[in-house]
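A short worksheet on the structure shown next.
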Amino acid sequence: MHPYGLSPLDFSELDNFFKEFDFSEDEAHTREYLGMVQESAYCQQIIIHEASSISDEDLFGFVALSITHEDVDNVPGLLVEFIYVKPKYRKKIAEFADTQYSYIILDYIIEVALKLQKQVAINHVYLVPVNEKVRALYLDYGFVNIPSSGKNENEDFMVFNLLDEDPVLM
């Protein structure tokens, strides 16, 4: 068992969950996007998964996930709509896991994708990084850039391949 917990939230838990966060330290464009993430969660278009330390039940972040079949070259996959790590935990190592908090969430996303892969036809995890610093973190984790895949030049998707070989993207 992991010393941290990540789990999907039921629609009925969203109000209380979002009250646990103070987004005032985040940039304006991040707060604006968080509003869209919350709205999508309330409309049940995405699923929010909370992330917390089990030992002290401290909430350190969340991830918003959905399944996509048309966003990236019509190749189905798990779409990471948003990853949020509280400011005090960003770039920090979680002592209970000996890795960065953001990597704990990324590990969980891959675990979810692998479980889903056994039930639905997905072989990829997709995301769009919010900036180049975050893109470097995802590259380090094992995601690959997909040039010219976004809606505009600043919005290229990245992919984590769940297959050993991927004839579609190679």
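Miscellaneous remarks
- Breaking point among (1) within 26 Å of Arg31 (Cβ to Cβ); (2) modelled with pLDDT of 90 or more, for Leu116: (1)
- Which numbered condition Asp98 misses (of (1) more than 16 Å from the chain's Cα centre (by Cα); (2) charged (D, E, K, R); (3) closer than 26 Å to Leu14 by Cβ): (3)
- Failed item, numbered, when Glu111 is tested on (1) modelled with pLDDT of 90 or more; (2) buried (at least 16 other Cβ atoms within 10 Å of the Cβ); (3) closer than 21 Å to Asn123 by Cβ: (2)
- Any strands (runs of 3 or more DSSP E) falling wholly within the range 1-80 and containing at least 3 residues that are surrounded by 14 or more Cβ atoms within 10 Å (Cβ to Cβ), at pLDDT 90 or above and hydrophobic (A, V, I, L, M, F, W, C): 47-53, 59-68
- Restricting attention to the range 81-97 and to residues that are modelled with pLDDT of 85 or more and in a strand (DSSP E or B), the residue that is surrounded by the fewest Cβ atoms within 10 Å (Cβ to Cβ) turns out to be Ile93.
- Filter result for Ala113 (small (Gly, Ala, Ser) and within 16 Å of the chain's Cα centre (by Cα)): yes
- Flag for Glu95 being under 19 Å from Leu163 (Cα atoms) and without any contact (Cβ under 8 Å) to a residue 12 or more places away in the chain: no
- In the range 129-143, residue nearest to Lys91 (Cα to Cα) [restricted to those that are of a type in the set (A, V, I, L, M), modelled with pLDDT of 90 or more and surrounded by 13 or more Cβ atoms within 10 Å (Cβ to Cβ)]: Leu137
- In the range 98-132, the qualifying residues are those that are among the β-branched types (Val, Ile, Thr) and either assigned to a helix (DSSP H, G or I) or without any contact (Cβ under 8 Å) to a residue 12 or more places away in the chain (or both), and the one that is farthest from Ile67 (Cα to Cα) is Thr99.
The values are calculated or read from the model by the stated rules, or taken from the named source; none is laboratory data. As the structure is a prediction and not an experimental result, all values here were calculated from the model. Because the Cβ atoms are built from the backbone with ideal geometry, glycine has one as well, and the counts that use them run over all protein chains shown.
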